[in-house]
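What follows is a single structure, written as structure tokens, with notes after it.
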Number of protein chains: 2
Amino acid sequence: MFDLSTLVAEMRETIPLTRALALEGLRYDGNELILTLPLAPNVNDKGCAFGGSMAALATLTGWGLIRLGLGERRLPADLYIQDQQTQFLAPAWQQIYARCSWTQADKDTFLNNYAQRGKARASVEISCSSDDVEVCRMQARYVALRPGS
Amino acid sequence: MFDLSTLVAEMRETIPLTRALALEGLRYDGNELILTLPLAPNVNDKGCAFGGSMAALATLTGWGLIRLGLGERRLPADLYIQDQQTQFLAPAWQQIYARCSWTQADKDTFLNNYAQRGKARASVEISCSSDDVEVCRMQARYVALRPGS
């Protein structure tokens, strides 16, 4: 079964930067994923979270949500980030949580498209919060391609 | 004197993620900054560069260019990334180079604004390349504020 712990183990094994970020999985219910980072390894010169860490967390959370869907359907794919718009809304002074969700209809459409065509795109929004304040918001588009294509 | 080696030493001391990225300074001529990352610590599940690493490099390169200008004028400031749009154009299979420049007129306007008002914004574009292919482009806006404000 491809679940949240499989995802995080895979990320930590194949993307070494996730270990430096100290990325952890928090929750996945089939349509929403929450990943989290502690502040200490992600601090900046001001003592709050480095924007690059927050953006990496958001990128991984959108990627992870789609990767989980592909894994549940046992669809092998190379999943790439294609473009993103990121707004940094406030400094993060605590643990950072990133949340990304899609409706069952959007998930089904994406996975059916990919299963049929071997290529599909998904646009998702990721929201990062710290100490109950929204600190960063990202609109991101990903593309899934047949492995090695 | 606040120069490229001062900048990179400051980044590596105050932003621990830059050590995980293995960030290095390559060149600075007063108007253009080039920073670089090796592939190995920044690889992803496909064996090319993690998008989050490329975006962090681009974020740091824009930030670094403005930080150098502030440092040259001995203007203390808290410099924050405010928003960014990032296009991932191609996978990066080698060392990644990020380049960011501003004209002397744009640099002077930003620094004079900041010196007079204690707050200024700058919009810059950062281009990342690998093996002579442009792999990532970012439009980023930064804001400089009086320290601790």
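Evaluated over the protein assembly as shown, the count of Lys pairs having alpha-carbon atoms less than 30 Å apart is 6 (only pairs 8 or more residues apart or interchain). By Cβ position, the chain A residue that hugs the axis carrying A onto B most closely, with its distance in whole Å, is A:A20, 2. Sorted shortest first, the distances from the B:D3 label point to those of the same residue in the other copies are 5.7 nm; each point sits 7 Å from Cα along Cα-to-Cβ.
Look at where the Cα atoms of the stretch B:125-141 and of the stretch A:112-132 average out, and the two centres are 23 Å apart.
Dipole of the stretch B:4-145 computed with +1 at Lys/Arg Cβ and -1 at Asp/Glu Cβ about the Cα centre; of B:L26, B:L7, B:V143, farthest Cα towards the positive end is B:V143.
Can you list which of the chymotrypsin sites (Phe, Trp or Tyr not before Pro) found in the stretch A:1-88 are DSSP loop residues with at most 16 other C-beta atoms within 10 Å? Walk me through the numbers on the way to the answer.
Details: sites: A:F2, A:Y28, A:F50, A:W63, A:Y80, A:F88; in loops: A:F2, A:F50.
For chymotrypsin sites (Phe, Trp or Tyr not before Pro) across the stretch A:1-88 that sit outside H, G, I, E and B with at most 16 neighbouring Cβ atoms in 10 Å, the list reads A:F2.
Using R0 = 41 Å, the C-beta based FRET efficiency linking A:D106 and B:N113 works out to 0.40.
Inter-copy label distances for A:S123: 2.0 nm (label point placed 7 Å from Cα along Cα→Cβ; shortest first). Here r is the Cβ-Cβ distance between B:V133 and A:Q139 and R0 is 22 Å; the resulting FRET efficiency, rounded to 0.05, is 0.30.
In this simple spin-label approximation, B:Q94 and B:R19 carry label points 7 Å from Cα along the Cα→Cβ vector, and these lie 3.0 nm apart. Database remark: amide H of A:Q95 closer than 5 angstrom to the amide H of A:L39 (H placed geometrically; neighbours at sequence offset of 5 or more, or on other chains; Pro and chain starts carry no H). May I ask you to list, by number, the DSSP H helices of chain A whose Cα span along the axis is at least 20 Å and whose average Kyte-Doolittle hydropathy reaches 0.5 or more? TM-like helix candidates: A:51-72. Checking Cβ-Cβ separations below 4.7 Å across chain A identifies A:C48, A:C100 as cysteines lacking any candidate disulfide partner.
Across identical copies of the chain, A:Q94 has label-point separations of 4.7 nm, listed in ascending order, with the point defined 7 angstrom from Cα along Cα→Cβ.
Per residue and in Å³, how big is the convex hull formed by the alpha-carbon atoms of the stretch A:4-145?
Working: hull volume 13.5 nm³, N = 142.
Cα-based convex hull of the stretch A:4-145, divided per residue, equals 95 Å³.
Within 10 Å, Cβ to Cβ, of A:W93, how many net charges do the neighbouring residues add up to if Lys/Arg are +1 and Asp/Glu are -1? Charge balance in the 10 Å sphere: 0.
Less than 10 Å Cβ to Cβ from A:Y142, Lys/Arg counted +1 and Asp/Glu -1: what total charge do the surrounding residues give?
Values: positive: A:R67, A:R121, A:R141; negative: A:D83.
Charge balance near A:Y142 sits at +2.
Read the figures in this text as sums done on the coordinates, not as results from a lab. Note that the structure is predicted; figures quoted are calculated from it, not measured. No Cβ is skipped: glycine too gets one built from the backbone with ideal geometry, and neighbour counts run over all protein chains shown.
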